[in-house]
Amino acid sequence: MLKNKLKIGGSWIAILVLIVVPSIIYGDKFFSTTNAFNVLRQMSMIGLISIGMTCVILTAGIDLSVGATVALAAVLSAMLTEKSVFLAIFVPVLAGIFIGAVNGFIIARLKIVPFIATLAVQMAVRGIAYIITDIKSISVSEHAASFAILGRGYLYGIPIPVLILALVLVIMGFVCQRTSFGRSLYAIGGNEDAAKMMGIKVARNKAIAYVLTGAFSGLAGVILCSRLGAGQPLSGTGWEMDAVAAVAIGGTLLSGGVGGVWKTLSGVLITALIGNIINLQGNVNTYVQQIVMGAIVLVVIIIQRRTQMKES
Amino acid sequence: MGNEYILEMKGISKSFSSVKVLHEVDFRIKKGEVHALMGENGAGKSTLIKILTGIYSRDGGTILFDGKEIHPADALEAQKAGISTIYQEISLIGQLSVAENIYIGREIKKHGAIDWKAINEKSRELLAGLGLDIDVTKVLSSYGTAIQQMVAIARSILIDAKLVIMDEATSSLDDDEVKILFNIIRKLKAQGISVLFISHRLPEIFEIADSLTVLKDGSLVGEYRTADLTRKELVSKMIGHDAENIVEVKRTYRKVSGEEYLKVSDIQSGIKLKGLNLTIHRGEIVGLAGLLGAGRTELARVIFGIDRKDKGEIWIDGKPVEFKLPAHAIGHGLAFCSEDRKVEGIIPNLTIAENISIANMKEVSRFGVIHHAKQRAVAKEYIEKIRIKTTGTDQKIKNLSGGNQQKVILARWLSMKPDFIILDEPTRGIDVGAKKEIEDLIREISAEGISVLLISSEFEELIRNCDRVEVLRDGKNAGCLRGEEITENNIMSLIATGKVETGGGQSE
Ligand SMILES: Nc1ncnc2c1ncn2[C@@H]1O[C@H](COP(=O)(O)OP(=O)(O)OP(=O)(O)O)[C@@H](O)[C@H]1O
Ligand SMILES: [Mg+2]
């Protein structure tokens, strides 16, 4: 157990550095509750997606459709605010679950490689989002004032999206560590044939991983819509790569079988902190920002791998 | 009720892409008996088992288990019916902990959540019962093949099974571990549980099996009581003709007086090797005997540049060498056929021909372009020489039977025509007939001047083939036997006590 805690050491040290150094440089501007909540709220949506993505990657899969799912969920949510807040929250999540189920079916049943399967689904879902909106942003209905609470509200002084992320994280952490389903993800990613021979329901559990990812992406879309007060068909573009990066930075192997959602939290935090720091620097050209971001991510991953190799 | 058979398979047929590998096979096992399934590599043993456990679907036939007809569609269903299986291929998961490998799929739960403490505790107890005292929270891949095999055994006896299937479970175990396993099998039997046992080691069959079924080329040869058969009779049933010169232990040692080829002195590395010496002459076959963990494989890995040494020196042809990479060793004319062929050796989706020539591309290429005809010719030569059972040189290696995959890997190294070859358990999992052919081939290449280091846990193999046997014990040399001194007794007592019991050989 102690060993397990030490293992995540590498990325948490990186996080510490990313907090201490800017605190010294920027002082209050960085090291404040407001900014901390800013970072956390920024990362809550990618965080949710990354948790699902972790499950998928543990099985040695990948889900490229999450960004498109976010967009479709967001526009559905905005449209449904006309009807009721309840529908605006639940229908998009159901849509996410449905997309996940389609992914799961194609991958687990039809045995199409995840990369191709989810790429195809990504295109289709994005297309649907374009068609139903005519590629226009859809505003949240004025009568649905309470809908904004989800993305912008606070509970006990903590932003609600952050609370949602924390809740999902705790639940999924438990699922991965303490349930048969969770462990089977590791077994499948470790050696799918062996898992099958051990009597694990490989196809079913793989599919569930995609369904979960779909559900979390749908939820992320609803939060996004609530925060922006609008559903945009172009939103969520490239998020799948941000999520994959966060999972990898956290230390979950893309080859499957090793990692976990708490590790992914560290990966999400690292990317969010880097983004925040670059933002504080101000007046940096966005393209330069991207280069810097890429460079830092690379450095963090190299350090990660180094420490991991030493541990094993 | 009142049925004395736990399992009755009738008229089982199976084809893989139009090649028929099982022809209406009848197979049955009584309640509470240990039943061996015998046959050459590729006879169809593993296939029959996989049909029983739902990994493969059958083309025809019925399966009665415990009096009821079953149609297992996957491994889980077979497990639920009461069939527990150790497959020939490693069927565990390296990245998970030892304890989890034992319990996955049927975790111990408390309030609906997995109870890791209980799982670790129980695993520790279970393995202790198998004579294994290891850290069960460490990942499985950090342990060697033998321990992994014991973990698989632990897993299989944990299920509440009526039939336990062991497909070559003993192939990577040493004598002591086999003894422990046999005790467990006897316990299972006493509880009325049946055991289906597969092994190419005949002494094991005669020790543990009550009855046996022989398959040949996918057809049933017959069902026999073990006590009614002699070893020779069994072998001739398996190979389909007289077994005269196969089962006999015939010595072939020679006095090798060629020049010294390899010299290793005072090798120390980690905690496994504590100062080992070894000399091999040109064209000599030197055996390495010892228990698991005595340092045999470790020594080979250091020589070949896979592991680092802390101290000591290696000379080849009188010149000191130090290989940092296996590639350097290969460049120097060395070859190493490792014991862990399943993991290290096979490239599943490549053909037999490709798998053989992969370490020796130069030989089959012209101007850097692979010459397919040449590649196939090499493969063909070995398919005949060591009787690899296949539909042709272009069959994917993953579709061969376990023993035949091993033969392909062996062919890879033998075809390199190295100056020196290290063979780590070369005949593990290989049937008696092919074993003889492989041994003949080893002697043939040594006659051509190739030096051989033969690591083997089978004393008979050492006795039959070696000019000299070096016995290791606890990472040190325990003694050296040559010629007539190489006997089972001498090897055993050197392993056990470090001394030779009666006169004869002395360590040097
Ligand atoms: N998946 C497959 N596709 C095609 N052929 C196969 C497949 N699996 C097995 N075979 C063929 O079926 C035959 C029987 O194989 P099987 O593995 O049952 O042999 P075995 O008796 O277990 O041999 P061994 O002692 O080497 O383990 C072999 O000729 C093999 O090439
Ligand atoms: Mg087999």
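The values are calculated or read from the model by the stated rules, or taken from the named source; none is laboratory data. Since the model is a prediction, treat every value here as computed from it, not as a measurement. As a convention, Cβ positions derive from the backbone with ideal geometry for all residues, glycine included, and neighbour counts pool all protein chains shown. Protein only, heavy atoms only, side chains kept; ligands, DNA and RNA dropped before computing areas. Shrake-Rupley method; radii C 1.70, N 1.55, O 1.52, S 1.80 Å.
Look at (1) away from ligand 1 (no atom under 14 Å from the Cβ); (2) open to solvent by less than 40 Å² (accessible area, probe 1.4 Å) and you find that B:Thr213 fails only one, number (1).
Pairing residues of region B:302-323 that are closer than 19 Å to B:Gly449 by Cα with residues that are surrounded by fewer than 21 Cβ atoms within 10 Å (Cβ to Cβ), at Cβ distances under 6 Å and at least 6 apart in sequence or on separate chains, gives B:Trp315/B:Lys263. State whether the residues of region A:105-114 include one that is within 24 Å of A:Thr54 (Cβ to Cβ) and among the basic types (Lys, Arg). For region A:105-114, residues within 24 Å of A:Thr54 (Cβ to Cβ) and among the basic types (Lys, Arg): present.
State yes or no: is B:Ile397 within 16 Å of ligand 1 (Cβ to nearest atom), away from chain A (no Cβ under 14 Å), touching a residue at least 40 places away in the same chain (Cβ under 8 Å) and among the β-branched types (Val, Ile, Thr)? So B:Ile397 passes the test.
Residues that are in a loop (DSSP other than H, G, I, E, B), closer than 23 Å to B:Ile205 by Cβ, within 13 Å of ligand 1 (Cβ to nearest atom) and in contact (Cβ under 8 Å) with a residue 40 or more places away in the chain occur at least once in region B:43-50. Take B:Ile486 and decide whether it is open to solvent by less than 10 Å² (accessible area, probe 1.4 Å), of a type in the set (A, V, I, L, M, F, W, C) and within 28 Å of B:Gly331 (Cβ to Cβ). Spelling it out, it is not the case that B:Ile486 is open to solvent by less than 10 Å² (accessible area, probe 1.4 Å), of a type in the set (A, V, I, L, M, F, W, C) and within 28 Å of B:Gly331 (Cβ to Cβ).
Selection over region B:125-165 of residues that are over 22 Å from B:Leu291 (Cβ atoms) and within 16 Å of ligand 1 (Cβ to nearest atom) gives a count of 1. Between B:Ile388, B:Ile347, the distinction of being of a type in the set (A, V, I, L, M), within 13 Å of ligand 1 (Cβ to nearest atom) and under 22 Å from the mean Cα position of the chain (by Cα) belongs to B:Ile388 only. Of everything in region B:156-177 that is open to solvent by 20 Å² or more (accessible area, probe 1.4 Å) and of a type outside the set (A, V, I, L, M), the residue that is nearest to ligand 2 (Cβ to nearest atom) is B:Ser171. On the given criteria, is B:Glu121 within 10 Å of chain A (Cβ to nearest Cβ) and either free of Cβ contacts under 8 Å to residues at least 60 places away in the same chain or not basic (Lys, Arg) (or both)? Against the criterion (within 10 Å of chain A (Cβ to nearest Cβ) and either free of Cβ contacts under 8 Å to residues at least 60 places away in the same chain or not basic (Lys, Arg) (or both)), B:Glu121 does not qualify.
Test B:Glu89 against the criterion of being within 13 Å of ligand 2 (Cβ to nearest atom), at the interface with chain A (Cβ under 9 Å from one of its Cβ atoms) and on the phi < 0 side of the Ramachandran plot, and give yes or no.
Considered against the rule, which asks whether it is within 13 Å of ligand 2 (Cβ to nearest atom), at the interface with chain A (Cβ under 9 Å from one of its Cβ atoms) and on the phi < 0 side of the Ramachandran plot, B:Glu89 comes out as yes.
Elements of the type helices (runs of 4 or more DSSP H) sitting completely within region B:321-419 and holding at least 2 residues that are open to solvent by less than 80 Å² (accessible area, probe 1.4 Å) and in contact with a Lys or Arg (Cβ under 6 Å, 6 or more places away or on another chain): these cover B:352-357, B:402-414. With a requirement of 2 or more residues that are within 9 Å of chain B (Cβ to nearest Cβ) and either touching a Pro at 6+ places or on another chain (Cβ under 7 Å) or in contact (Cβ under 8 Å) with a residue 12 or more places away in the chain (or both), the helices (runs of 4 or more DSSP H) lying completely within region A:140-208 that satisfy it span A:180-190. Exactly one residue among B:Glu458, B:Glu439, B:Glu485 is touching a residue at least 40 places away in the same chain (Cβ under 8 Å) and farther than 24 Å from B:Ile316 by Cα, and that residue is B:Glu458.
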